[in-house]
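For reference, the structure is listed below as structure tokens.
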Amino acid sequence: MNPVSAFIRLIRLPNLLIIVATQYAIRYAIIGPFLFKFSGDQDIHNVGLKMSDLNFFLLCLSTVMIAAAGYIINDYFDVKVDRVNRPETILVGKHIKRRVAMGAHIVISGIAILIGAYLAYEMQNWKLGLIQVFSVGALWYYSTLFKKQVLVGNIVVALLAALVPFVVGLYELLLQKEYVTDTVNALLFYLEEGTPFELIEYQFMLVLTSILYWTLGFSLFAFLSTMVREIIKDAEDYEGDKKYFSNTLSVIYGTRKGALVAQLFAVLMILALGYVQYNQLISKDTGSFMYFLFAIQVPLIYVIYKLNQAKEKADFTKLSKYMKLIMLMGILYSLFFYLNTINV
């Protein structure tokens, strides 16, 4: 395998593309339609997405760079364990020199942090720059420490997965609130004379609140689905983790109890979606109700059922792939939402 192909495999290019797709979907398929509908389906100056396309691209770039650096450092420290769990996938030390992998991690992480600092400067909010610093640090300590502790590593990865959609909403909402006066004044020009400024401002804040709820909803879905998948992966990697003293849930309590915890999080996902579906029925959004039911909930029930029967590594490997598909269906709902919204 040539070094370029090995590096592309090392950074998990398909996973990085999914991260990019998720962030662009949140921006253009969730946040964008809310703002467009509020403007009365008109392209009104000062009403719409406030974060520039360039800055949003840089935000996505910093996100995927941090993820790529995380994959690199994880494989760097996991060589011994991977010799047991998945020897055919080992790249560091075999196709890529260890010092090259470490150097790539440092450079890619550093650039991502610098991009985050630039965006924080552009947003005039230095605290935002801490997001990239936190993410890089969390992935380093995950690889060296957290993943060897019961549930701690799973929670860290799930929180970082939840950050992927959350930062899109966070950056945009901060800008929307900063320019709320300009937005309302632009809208008033198109409304009936005498319309109170406070009324439009109140209605606009309701829209921003809806955007926040939807962003948090996608983040919660990312957190719970990642928890399920990470716990399943722990069961899949049981042999190698046990040999090298990683205190994962499956190693400490056994794969059977690990599967039970994964089932618990899957049930929480179903219940959370059920709450959303209840509101969809009230609002007569049967399309979304059916999408959640057949694209996410039924597959989750299947995963719960198969976890009862899973015993071999191959069983958990298949279930991990099923969970990845469910996560993808969750992302694709944003496109369903977009098409459903623009046709209303």
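The values are calculated or read from the model by the stated rules, or taken from the named source; none is laboratory data. As the structure is a prediction and not an experimental result, all values here were calculated from the model. Positions of Cβ are backbone-derived with ideal geometry, glycine not excepted, and every protein chain shown enters the neighbour counts.
Listed residues Val133, Val107, Val100; which is among the aliphatic types (A, V, I, L, M) and over 30 Å from Leu54 (Cβ atoms)? The unique qualifying residue is Val100.
Selection over segment 1-29 of residues that are among the small types (Gly, Ala, Ser) and on the phi > 0 side of the Ramachandran plot gives a count of 0.
Can you confirm whether Val167 is β-branched (Val, Ile, Thr), modelled with pLDDT of 95 or more, within 30 Å of Asp241 (Cα to Cα) and in a helix (DSSP H, G or I)? Criteria not met by Val167. Read through the list (1) surrounded by fewer than 17 Cβ atoms within 10 Å (Cβ to Cβ); (2) more than 22 Å from the chain's Cα centre (by Cα); (3) not acidic (Asp, Glu), then give the number of the only condition that Leu293 fails. Among (1) surrounded by fewer than 17 Cβ atoms within 10 Å (Cβ to Cβ); (2) more than 22 Å from the chain's Cα centre (by Cα); (3) not acidic (Asp, Glu), Leu293 violates only (2). Screening Val150 on (1) in contact with a Leu (Cβ under 6 Å, 6 or more places away or on another chain); (2) part of a helix (DSSP H, G or I); (3) not acidic (Asp, Glu) shows it passes everything except condition (2). Looking across segment 241-278, the residues that are without any contact (Cβ under 8 Å) to a residue 24 or more places away in the chain and in contact with an Asp or Glu (Cβ under 8 Å, 6 or more places away or on another chain) come down to Ser250, Val251. Considering segment 137-157, and only residues there that are free of Cβ contacts under 8 Å to residues at least 60 places away in the same chain and of a type outside the set (A, V, I, L, M), the residue that is nearest to Tyr244 (Cα to Cα) turns out to be Phe146. Of the residues Glu201, Glu172, Glu239, Glu192, the single one that is outside any helix (DSSP H, G or I) and either surrounded by fewer than 18 Cβ atoms within 10 Å (Cβ to Cβ) or at pLDDT 95 or above (or both) is Glu192. Checked against (1) among the polar types (S, T, N, Q); (2) in contact (Cβ under 8 Å) with a residue 60 or more places away in the chain; (3) crowded, with 21+ Cβ neighbours inside 10 Å, Ser39 passes all but condition (3). When Met1 is tested against (1) touching a residue at least 12 places away in the same chain (Cβ under 8 Å); (2) in a helix (DSSP H, G or I); (3) closer than 24 Å to Ile108 by Cα, exactly one condition is not met: (2). If we scan segment 104-119, do we find a residue that is within 27 Å of Asn247 (Cβ to Cβ) and among the aromatic types (Phe, Trp, Tyr)? No, there is no match, as no residue in segment 104-119 is within 27 Å of Asn247 (Cβ to Cβ) and among the aromatic types (Phe, Trp, Tyr). Suppose the filter is touching a Pro at 6+ places or on another chain (Cβ under 7 Å) and at negative phi; does Ala262 pass it? When the stated conditions are applied, Ala262 does not pass them. Within the option set Thr286, Thr255, Thr317, Thr341, being modelled with pLDDT under 95 and crowded, with 18+ Cβ neighbours inside 10 Å holds for one residue only, Thr255. Taken over segment 246-280, the criterion of being in a helix (DSSP H, G or I) and either farther than 21 Å from Pro299 by Cβ or polar (S, T, N, Q) (or both) is satisfied by Leu249, Ser250, Val251, Ile252, Tyr253, Thr255, Arg256, Lys257, Gln263, Gln277, Asn279, Gln280. Beta carbons closer than 8 Å, at least 6 apart along the sequence or on distinct chains, pair a first residue in segment 70-81 that is in a helix (DSSP H, G or I) with a second that is among the aromatic types (Phe, Trp, Tyr) and crowded, with 20+ Cβ neighbours inside 10 Å for Gly70/Tyr142; Asn74/Tyr142. Taking the listed residues Ala6, Ala67, the one that is assigned to a helix (DSSP H, G or I) and crowded, with 20+ Cβ neighbours inside 10 Å is Ala67, with no other qualifying.
A single member of Ile131, Ile115 is closer than 17 Å to Gln23 by Cβ and without any contact (Cβ under 8 Å) to a residue 40 or more places away in the chain, and it is Ile131. For segment 84-99, the candidate set comprises residues that are exposed (fewer than 14 other Cβ atoms within 10 Å of the Cβ) and either part of a helix (DSSP H, G or I) or of a type in the set (Phe, Trp, Tyr) (or both); within that set, the residue that is nearest to the chain's Cα centre (by Cα) is Thr89.
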